[in-house]
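Chemist: Okay, handing you the structure first.
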Amino acid sequence: MALNAALGTAMNSTGVAAGFFNGVLDEARIWNYARSSQEIRSTRNTEILTASGLLGRWGLNDGTGTVISDSSGSGINGTATNGPVLRRLCA
């Protein structure tokens with residue numbers, strides 16, 4: 001059974017969007033294992049482009065267009081819908 005995933009929305013069991021997030025997201029990741037608190041803390045402010053166990057990584061800094069690129073090597077690109085603003089933030 002394939003499961004749906006989304007950023008900035010809630011989804012029901014059939015994959016239909018229900019709700020929205022009114023905020024800012026930066027670098028979403030999906031791992032094939034539960035990471036420890038220490039692993040999360042040690043990399044929370046670091047871009048992880050690829051790593052063992054990383055199933056998907058979306059930096060959300062593509063800049064323009066509607067494609068959200070996956071850098072993990074899995075090739076699971078996303079699609080931005082409903083007018084999100086994709087921008088590159090500078091430190």
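Chemist: Filter segment 2-17 for residues that are at pLDDT below 80 and loosely packed, with under 10 Cβ neighbours inside 10 Å and give the result.
Modeler: If the condition is that a residue be at pLDDT below 80 and loosely packed, with under 10 Cβ neighbours inside 10 Å, then Ala2, Leu3, Ser13 are the ones that fit.
Chemist: If I go through segment 21-46 residue by residue, how many of them are closer than 26 Å to Met11 by Cβ, open to solvent by 50 Å² or more (accessible area, probe 1.4 Å) and either acidic (Asp, Glu) or assigned to a helix (DSSP H, G or I) (or both)?
Modeler: Residues that pass the stated criteria total 2.
Chemist: If we keep just the residues of segment 51-68 that are part of a loop (DSSP other than H, G, I, E, B) and modelled with pLDDT of 90 or more, which is farthest from Gly8 (Cα to Cα)?
Modeler: Out of the qualifying residues, it is Ser52.
Chemist: Do you know which residues across segment 50-65 are over 17 Å from Ala5 (Cβ atoms) and surrounded by 12 or more Cβ atoms within 10 Å (Cβ to Cβ)?
Modeler: Those that are over 17 Å from Ala5 (Cβ atoms) and surrounded by 12 or more Cβ atoms within 10 Å (Cβ to Cβ): Ala51, Asn61, Asp62.
Chemist: Only one of these conditions is not met by Ala80: (1) touching a Leu at 6+ places or on another chain (Cβ under 8 Å); (2) open to solvent by 60 Å² or more (accessible area, probe 1.4 Å); (3) not β-branched (Val, Ile, Thr). Which number is it?
Modeler: So the condition that Ala80 fails would be (2).
The values are calculated or read from the model by the stated rules, or taken from the named source; none is laboratory data. Quantities reported herein were computed from a predicted structural model and do not represent experimental measurements. Counting neighbours? That spans all protein chains shown, and the Cβs are built from the backbone with ideal geometry, glycine included. Note: areas computed on protein heavy atoms with side chains; ligands, DNA, RNA excluded. Shrake-Rupley method; radii C 1.70, N 1.55, O 1.52, S 1.80 Å.
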